[in-house]
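Report on the following structure.
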Amino acid sequence: MTAKNKPTQKLSASLEDYLEAIYNLQADGEQARSKDIAENLDVSRASVTGALRLLKQKQLVNYQPYDAVTLTNAGKDAAAEVARRHNVLKYFLIKILGVQPEAAQIAACKTEHTLGAETFAKLLAFTEFVREKQKQGQDLAGQFEKFCQKEKAKKNVDTKG
């Protein structure tokens, strides 16, 4: 376990979502204000205030009521790790498994908090393996998509017959 992973392990999925929202708002060049975080996560401003107080106690955010929220260095590390897990999962679901982007976004949001380090490492390694094979001219993701189409067609024949 690295120092980068430590902060997120002590956080609930909800608090990780708040960190990620702040991180994404700041990455887009916006200030992270309570109302923006509430809109981003579709939660009440009261929920945001409670979460920001907890994150401040954990020294992950700089927060004062009615001010923009910023991430501390530890907060940036934790948020970057959550965002990284999210992006890897979303990429895997869309580019390798062929899941529709909207469904992949929802699944990545839910899964990023629950995958253990070993499982995530294997998923990342498999993603890199598929990318490497693609560079060598082997389209494993494309072959998998064709396989799925055949299986779907086979099931459609089975249910009609």
Entirely in region 100-161, the helices (runs of 4 or more DSSP H) that have 1 or more residues that are among the aromatic types (F, W, Y) and touching a residue at least 40 places away in the same chain (Cβ under 8 Å): 140-160
Checklist (1) outside any loop (DSSP other than H, G, I, E, B); (2) surrounded by fewer than 17 Cβ atoms within 10 Å (Cβ to Cβ) applied to P65, failing item: (1)
Residue in region 26-42 that is farthest from T70 (Cα to Cα), counting only those that are touching a Phe, Trp or Tyr at 6+ places or on another chain (Cβ under 9 Å) and hydrophobic (A, V, I, L, M, F, W, C): L41
Residue match in region 10-28 (condition: surrounded by 13 or more Cβ atoms within 10 Å (Cβ to Cβ) and in a loop (DSSP other than H, G, I, E, B)): yes
For G75: the one exception among (1) touching a strand residue (DSSP E or B) at 6+ places or on another chain (Cβ under 9 Å); (2) of a type in the set (G, A, S); (3) not in a helix (DSSP H, G or I): (3)
Qualifying residue in region 77-84 (condition: closer than 30 Å to G142 by Cβ and in contact with a helix residue (DSSP H, G or I) (Cβ under 8 Å, 6 or more places away or on another chain)): yes
The lone exception for V43 - which of (1) over 20 Å from K10 (Cβ atoms); (2) part of a helix (DSSP H, G or I); (3) not assigned by TED's automatic domain parsing to the domain that holds K152 it fails: (2)
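The values are calculated or read from the model by the stated rules, or taken from the named source; none is laboratory data. This is a predicted model, so every value here is computed, not measured. Glycine gets a Cβ as well: all are built from the backbone with ideal geometry, and neighbour counts include every protein chain shown.
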